[in-house]
Structures are given as C-alpha cells and as structure tokens.
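The values are calculated or read from the model by the stated rules, or taken from the named source; none is laboratory data. Nothing here was measured: the structure is a model prediction, and the numbers come from that model. Virtual Cβ from ideal backbone geometry, glycine too; neighbours counted across all protein chains shown. The accessibility values were calculated without ligands, DNA or RNA, using every heavy atom of the protein model including side chains. Shrake-Rupley method; radii C 1.70, N 1.55, O 1.52, S 1.80 Å.
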Amino acid sequence: MVEPVIISRAQHTISRRDIDPDALKVLYRLQQSKFDAYLVGGGVRDLLLGRRPKDFDIATNAHPYQIKKLFRNCWIIGRRFRLAHVKFGQKTIEVATFRRNVPDPLPDEEVDDAPAVVASSPDPRDGAARREDDGIIRRDNTFGTPEEDAFRRDFTVNALAYDIATYSIIDYVGGLADLEQRVIRSIGDPKVRFVEDPVRMLRAAVFSSRLGFSIDPLVLEAITELRHLIGQAAAPRLLEEYYKILRSGYAEASFRTLDSLGLLELMTPELCAPAGGPSDDVWDSLARLDAYRRRFDAPPPELTNAILMGALLVPAGLIEKRGTGASADTRVNFGKLPIARRDLDRLGQIVSLVPRMLEPDPPPRLTRSLPQRPAFRDALLWLEIFTDAPDELAAWEAMRAMVPVPTEQGGGRDGARETGAPATGRRKRRRRGRRRGGRGKAPAPTE
C-alpha cells in the first residue's frame, strides 16, 4: 500500500469552473450513487498547467454495467478493457472502472499463461486480463483500486486524480514532482511498459513535444532498445494516434521528435524515404496546419481526416497532382496505416480542385460549377491552409457565400454525411402502410 500525496483544495489551482459541465454531471451522479468518482489523466495534468484539456476522462469504482444503469445516454465499448461512453450530443465523456495492477514480467522473462484473478463483477461479460506470448496485453478487464489504477497508467504526469468529493488532488506515483520538473517519466520499468503497449513510446514523444517537457533518460534508453516493437502495435491504433497528432496544433514538433527517436521510419517509412527523413515540404505543411489549428481552442470540425492526412501525403509526393481537370491517383501505401478509402478519395478530389481554383482567370462556367462540387469546401480550406493565394481565396469565399450548401448522400464514394435529398435527384417512393380494414381485407378464417 503506497501512501498517496493529497493536495487539498486550498493548495492547488483547479476550479470546477474549468471542468466541462457535462463531465461534472457524470462525476456528481456517480458520487450521489455512492461510488468513488475521480477526474483523471491528461485533464488533471492540463488543468494544473493552466491549459485547456482536450478530454475530461473519469475513473470510478462502479463497474461498466453499473455505470450504464445510471446513464441512459451511455454505451459500453471496448474488448481489451470495457469502457463506458456517456454521450452529450457530439461530446463523449469516457468513464473507466479502476483497473487492477497485474504484476508485470520483464521482457526476457517467460509469461505466465494463467489468467489473472478478476475482481468480483456484477456482470458475466467482465473478463480476465490476458497476455500473449510477446508480453503485450490483449485483454485487460480486471478491476481494482484507485492506487492500482494509478500504477497501471503510462507516465507519472498522467496518473493524477481529482476527487470530486473532496476537491483534492491525489498522487500515488510522483506525478506532481515530475510536473514541476517538466519531465516525462514512466511509471515502473519503461521496458516493461513498452513491451505491454508499444504505442506508449509514441505517446512519450508526443507528450514531450506538446508540453515542452524533457524525456527521462531511462525512457529514452528503453525506446532505443525496443522501438522495433512499434511494428507490433495495432494498425488502427497507430492511425488514431496520427490523427490525434495532426489535430493537436503540435504536429510538426511531434513528428520531429518521432523522427529523431527512429520511430517515424518504422511506422511510415514512405514519409522518410529516400532522404532519411521527411522533406522540407512536409515540415512546412505541418507548420501551416499547426498555425491554422492554433487559431481555435478545440479542433474545428472542418479539419477532416482527408485534409489532415493530406498534410503528410501530398508534400511527401504520395498523392500526385495530375494537373488541371485530372483526377488524382489515390492509391497509396503509407506504412501500416489503414487509411479509409473514402478519405483517400476525398483527398484526391481536393488536390484535383485546388489547381483549378488557382487559375488566374477562371471561365464563368468553372466559377458556377466548382462551388457545387461536394469537395469544394474542403478544397477551399486547403487553399486557406496550404497555399499563399489570398486573392483567389477571397474570390472563391465570395462565390461560396452565394451558393447553397450542396447535398450529399451518406455512405457514398466521398464518405460524406447526408445533408439533404438522395444524390440521384429522384424522390424516394413513400411506402404504403398495410390496410387495417375496408376493401381488400382478407376474410376471417373459419373453423
């Protein structure tokens, strides 16, 4: 049992005014239902640093299906570890049950295949932790205490908790001291942590870049020795981390750190070849993306996956511009990243439209037709972020204001959301309901 450092309300700067009101609703309802409820993770870290948190995550001793009973707007997700997502419109508050601290093997030790003991659970769907032969945790549905949960997190600065019952900060792992020293330090042996989850190496680089912190020498040593394991990480998780980086406002710094640690070439070698690192065009593209993102408190919705990934693919020469009026080749091999076809198709449409929008004297037919294209608004944003053409941008902005928003059919080629009538232009035929009586009524059966 580790005695935590507890900082009372009078000794820290976190105020409930700075916490998302919907996160407070979840915290208070859990507390009123006699459960422990803590704000945890990066939200506490960022509030202590005076930054606006990207997410407000919650940890509790309530089990997932107990949480679901408290919130009608709750969905249970996850196979490795069940999580409760409480929805408020487009916003999601993630609620996790405290995880049990399963003993960790060293990289060169044999892994015991016996399942871990599961904390008593009110639902049979809650399973046991399981490790594969490579040491990576594939399933982690074991529940524990706040202390065990803190020791299961990746880095000390991410393991702080804010208790809504006492308004105090709870620190089991020395995160407050590392926050003051501005260092990214692993909880426990970093070699074990990175074998468990290789994505933590990527996260160490990103946290260092985004927060301006140094990386602990033991973490750097472990990354040097184990960076090849990043190839074992699940491809969808890597793609998700790339999108998080690109939306953060610190993409250039993050990718530069990943490149210096030798991780970038292992995840997306196409970005580094043939010069041994990303080109100047890639760094310039990321700097432009960061400058646009930092104009907003939160990632604006118009920064779609197509535009974000295009900030890497286009300057790297992986999406070719085929010239005026030609479609772009959207077949791309980008390391392990399983980029959705609809995003590549939309990116192809964007890079095909932009040269036409930069024509010095576009014909009237073009100025009438381009604003009707589904990808026009994305192309306009691309023009704003990645080109130096203020006059052309202003002209097309004026044309956009005169044209109604085009309707798109969800799930189609462009991956667009449905905003109006079907793309075919034909009215959907109304289905006639079944008659309840009158003509055509079948005669009653006779005995």
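Remark: C-alpha extents of segment 181-278 on the principal axes read 35, 27, 25 Å, sorted largest to smallest.
Given K191/K336; K54/K244; K91/K244; K54/K91; K87/K244; K25/K244, which pairs have Cα atoms separated by over 18 Å?
Going by Cα-Cα distance, K191/K336; K87/K244; K25/K244 fall outside the 18 Å limit.
Amide H contacts for I184 (H built 1.01 Å from N in the peptide plane; partners 5 or more residues away or on another chain; cut-off under 5 Å): S214, I215, D216. The chymotrypsin sites (Phe, Trp or Tyr not before Pro) of segment 252-322 meeting both criteria, a DSSP state outside H, G, I, E and B (loop) and at most 12 other C-beta atoms within 10 angstrom of the site's C-beta, are F296.
In whole Å and largest first, what semi-axes does the C-alpha gyration tensor of segment 232-282 yield when each eigenvalue is scaled by 5 and square-rooted?
The three semi-axes for segment 232-282 are 17, 15, 9 Å.
Taking a ≥ b ≥ c as the square roots of the eigenvalues of the Cα gyration tensor, segment 258-314 is prolate, since a/c reaches 1.5 or more and a/b is larger than b/c. Using a probe of 1.4 angstrom and keeping all protein chains present, the accessible surface of segment 1-51 works out to 56 square angstrom per residue. Distance between the modelled labels on E384 and M402, one decimal in nanometres: 2.0 nm (7 Å Cα→Cβ projection).
As a rough guide to protection, the peptides 10-18, 63-71 ranked by mean Cβ packing within 10 Å, highest first, stand as 63-71, 10-18. Residues whose amide H falls under 5 Å from that of G41, counting only those 5 or more places apart or on a different chain, are L160, with hydrogens built in the peptide plane. Could you tell me the center-to-center distance, by alpha carbons, between segment 234-279 and segment 353-368 in angstrom? For segment 234-279 versus segment 353-368, the Cα centre distance is 34 Å. Taking the protein heavy atoms of segment 131-273 in the context of the full set of protein chains, the accessible area attributed to carbon and sulfur is 50 percent at 1.4 Å. Taken as Cα centroids, segment 145-213 and segment 64-93 sit 24 Å apart, rounded to the nearest whole angstrom.
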